[in-house]
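So the structure is just underneath, and the comments pick up after that.
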Amino acid sequence: MNQRNYQKELDKVIDGLVKENRVPSLLLHSCCAPCSSYVLEYLSQYFEITILFYNPNIYPPEEYQARVHEEERLIREMHFKHPVHMISGTYDPDVYYKAVKGLEKEPEGGARCEKCFELRLSEAAREAKKGGFDYFTTTLTISPLKSAPTLNTIGERIGEEVGVSYLPSDFKKKNGYKRSVELSEEHGLYRQNYCGCVYSIRS
Ligand code: SF4
C-alpha cells in the first residue's frame, strides 16, 4: 500500500523554495472555484500560479459555464502575494466520453475517475510543458472523495512522460477542505452537489 505523505513532500518542496528565495511558476489544474479557493490562498504565497480550467467531463454545458465564471470571479476577488492568471481550456465533452468509454457504470472513485484524472492531468502537463512552467499539479486532491495516492501516482507518471515536474499534493490535509468551505462562503461561491460528469449526478 502507498504510505507516502504527499503533504509532507509538498512542505519539503516549499521549504527548499523559501530557503532559495525562489518563486517558481506553477500551472494549477482546477476543477472548480470552491476547490481552488484554499489551494490559491495557500500556494500563491510560494508560486506564481496560472490556473488551467480544463474539465471536458462537466455536464451539462450550463454547469460548465457556471463553474468557469465562478473561477474567474474568485481570482478577481481574492488578494494574492504573487499574481494569479487563468487559461480556459477547450470544452469538448466528446473527448471525455471517448476517454471513459466502457466505464460509464463504474462507481465514483473507480476506474472511470482514473481515466478522467488522466485526461485532465495530461492536458495540464502538456500545457505546462508548452508554457515553460516549473511545475504542474491539480486541486483535485482537496476532495475527501478523491484518492491522493491515485492522483499523485498519475500526476508523477504523466509528468515524467511529458518532461515537466509534478508538484505532490494532498490539499485536504492541514484542514484544506474545511478552509475551502469557509472561503466559498466568504465569496458566496456556487457549490455544486455533484462531482461533474453526467454519471455523478445524484437522482
Ligand atoms: S465522478 Fe468526477 S472524477 Fe469521476 S469521472 Fe465523473 S467527473 Fe470525473
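Just so you know, all these numbers are worked out from the coordinates, no wet-lab data involved. As the structure is a computational prediction, the values presented were derived from the model and not from experiment. Quick reminder, even Gly has a Cβ in these numbers, built from the backbone with ideal geometry, and neighbours come from all protein chains shown.
Structure note, pairs Lys105/Lys173; Lys19/Lys81; Lys8/Lys130; Lys81/Lys146; Lys146/Lys174; Lys101/Lys146: Cα-Cα distances above 23 angstrom occur for Lys105/Lys173; Lys8/Lys130; Lys81/Lys146. Over all pairs of different C-alpha atoms, region 138-191 has a mean inverse distance whose reciprocal, the Kirkwood radius, equals 12.3 Å. Equivalent-ellipsoid semi-axes for the chain (Cα gyration tensor, √(5λ), whole Å, largest first): 25, 20, 17.
Starting from a Cα-only point model with no solvent, please compute log10 I(q)/I(0) by Debye for region 105-203 at q = 0.16, 0.18, 0.21, 0.25 1/Å. Treating every Cα as an identical point scatterer, log10 I(q)/I(0) equals -0.78, -0.94, -1.13, -1.25. Length gained on full extension, Glu156 to Val95: 19.7 nm, using 0.36 nm per residue less the C-alpha separation.
The value for region 3-55 of Rg(Cα) / (2.2 N^0.38 Å) is 1.22. For the chain, the 222 nm mean residue ellipticity estimated from helices alone, with every DSSP H stretch of n ≥ 4 adding -39500 (n - 2.57) and the total spread over all residues, rounds to -15500 deg cm²/dmol.
Taking the number of Cβ atoms within 10 Å of each Cβ as an exposure proxy, the fewest-first ranking of Ser169, Ser25 is Ser25, Ser169. Among Lys129, Lys105, Lys173, the largest mean-square fluctuation in a Gaussian network model of the chain (Cα springs under 10 Å) belongs to Lys105. For region 163-203, count all C-alpha to C-alpha pairs, find those more than 13 Å apart, and express that count as a whole percent of the total. Summing the P(r) of region 163-203 above 13 Å gives 69 percent of all pairs.
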